[in-house]
Structures are given as structure tokens and as C-alpha cells.
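Novice: Quick one: this structure, given as C-alpha cells, is what I'll be asking you about.
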Amino acid sequence: MEIKLEKLTDEQLAKRMSKYIATLQSITVRAEYYSMGQCPEKERKELNADYSWVRDSIRGDLNYLNYNKDKKGSKLLWDKYYPSVNEAAAWGLYADHEGGFDDEYFKSIAVAEEKLTKYYSYDFWRIIAEE
């Protein structure tokens, strides 16, 4: 089901962004741990699923917003959320998540997180979300 982003409150948008950022941070920590040794198949599948989910969700949000550029919705949506997902989709999450935990894998996650927090920090998104 497609989420109509322009109908979300600022709190809901901030929760959505916070979830993306928290997921990227979780992927990084888990992948760093498993890069030091064996990664069990179950955990590898969970990492791949999380990576795919956040990548596809960010790209889906961008596609939706690009298609619905009539500027309906909040100022937060168009001034902070949209440019963040636009840059994260363009510059981050490009690595082969099925491959190993190499430098490209970690760089693609770091760049996506950097772009998502370029306009507002993770903590500020969480404040807006009232978490």
C-alpha cells in the first residue's frame, strides 16, 4: 500500500525518517560485528532484508514525491524530508548487499546516513517525532 506522504503530519514524517536512520545505524553495527568473523545465514538474511527495505523505501518515497510535485503537504516534507531522501537515494545504498562486508558496503550505508542527516540530525528528527 502506497503511503501518501503529503498527508502525514510532521511527527509522522519525522518518525519515518528516524526509522530509516536507526535502521542504517543498526545495519552498520551488525555488519561491523559480523565482518570480524562468520556471519550466520539467518543474520545475513536479516541484514540483507533490512538493507533492501531501507533502500527500497527511500527510493519509493523519492519516486512518490517526484511524481506528486504539486507541493501539497507540510513545509518539513518539501524543505527537509524530500531533499534528504533525494540525496540518499542518489548517492547512498548502492553496494551489493548480497556480497561481503567490504568498504563499498559500509561506504554506501554511511553516505546514505550522511545524506539523511544533512538538513536535520537524527536527534532533531527524533525531537520532531516526539520520541
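The values are calculated or read from the model by the stated rules, or taken from the named source; none is laboratory data. Remember, predicted model here, so these are calculated numbers, not experimental data. Positions of Cβ are generated from backbone atoms using ideal geometry, with glycine treated the same way; all protein chains shown enter the neighbour counts. Only protein heavy atoms, including side chains, enter the accessible area calculation; ligands, DNA and RNA are left aside. Shrake-Rupley method; radii C 1.70, N 1.55, O 1.52, S 1.80 Å.
Novice: What is the helix-to-structure angle for 10-35, meaning the angle in degrees between its Cα long axis and the longest Cα principal axis of the chain, kept from 0 to 90 and rounded to the nearest 10?
Specialist: 10 degrees
Novice: Using per-residue counts of other Cβ atoms within 10 Å, averaged over each peptide, order 75-87, 3-15 from highest down. Mind dumping the intermediate values first?
Specialist: Numbers: 75-87: 18.7, 3-15: 16.3.
Highest mean packing first, the order is 75-87, 3-15.
Novice: Name the residue, out of ASP103, ASP61, ASP50, whose mean-square fluctuation peaks in a Gaussian network model built on the chain with Cα pairs under 10 Å.
Specialist: Checking each option, the largest mean-square fluctuation is seen for ASP103.
Novice: Sticking with this structure for a sec: Can you check what the Kirkwood hydrodynamic radius comes to for segment 79-131, Cα pairs only, in Å to one decimal?
Specialist: 11.8 Å
Novice: Quick one: compute a quarter of the convex hull surface over the Cα atoms of the chain and quote it in nm².
Specialist: Details: hull surface 32.0 nm².
Average of the hull's projected areas for the chain equals 8.0 nm².
Novice: Add +1 for every Lys or Arg and -1 for every Asp or Glu among the other residues with Cβ under 10 Å from the Cβ of ASN68, and state the total.
Specialist: Numbers: positive: LYS4, LYS69, LYS71, LYS72; negative: GLU6, ASP70.
Cβ neighbours under 10 Å give a net charge of +2.
Novice: For ASP123 and ASN48, calculate 0.36 nm times their separation in residues minus their Cα-Cα distance, and state this gained length in nm to one decimal.
Specialist: Values: separation 75, 0.36 × 75 = 27.00 nm, distance 2.58 nm.
That pair, ASP123 and ASN48, stretches by 24.4 nm at full extension.
Novice: Moving on to the next point. Using only Cα atoms, tell me the angle between helix 103-116 and the longest principal axis of the chain; keep it within 0 to 90° and round to the nearest 10.
Specialist: So the inclination is approximately 20 degrees.
Novice: Compare the peptides 35-42, 104-111, 62-69, 88-95 by average per-residue count of other Cβ atoms within 10 angstrom and give them in order, highest first.
Specialist: Result, highest mean first: 88-95, 104-111, 62-69, 35-42.
Novice: Using a cut-off of 11 Å between beta-carbons, work out the net charge of the residues near SER35 (Lys and Arg +1, Asp and Glu -1, SER35 not included).
Specialist: So the surrounding residues net to -2.
Novice: How far, in nm, would the chain grow between ASP96 and GLU11 when pulled straight, counting 0.36 nm per residue and subtracting the alpha carbon separation?
Specialist: On the way: separation 85, 0.36 × 85 = 30.60 nm, distance 3.26 nm.
The ASP96-GLU11 span can extend by a further 27.3 nm.
Novice: Give me the percent of the accessible area of segment 1-114 that comes from carbon and sulfur atoms, probe 1.4 Å, all protein chains in place.
Specialist: 51 percent
Novice: Here is the link list: LYS45/LYS115; LYS19/LYS115; LYS4/LYS45; LYS72/LYS118; LYS7/LYS118; LYS4/LYS107. Which ones come out longer than 21 Å on Cα distance? Can you show the working numbers first?
Specialist: Values: LYS45/LYS115 26 Å; LYS19/LYS115 14 Å; LYS4/LYS45 29 Å; LYS72/LYS118 23 Å; LYS7/LYS118 24 Å; LYS4/LYS107 31 Å.
Too far apart for the 21 Å limit: LYS45/LYS115; LYS4/LYS45; LYS72/LYS118; LYS7/LYS118; LYS4/LYS107.
Novice: For segment 13-84, what size does the Cα cloud have along each of its three principal axes, sorted from largest down, in whole Å?
Specialist: Reported extents, whole Å, longest axis first: 49, 18, 15.
Novice: Only Cα pairs under 8 Å and at least 6 apart count here; give the relative contact order of the chain as a rounded whole percent.
Specialist: The normalised contact order for the chain reaches 39 percent.
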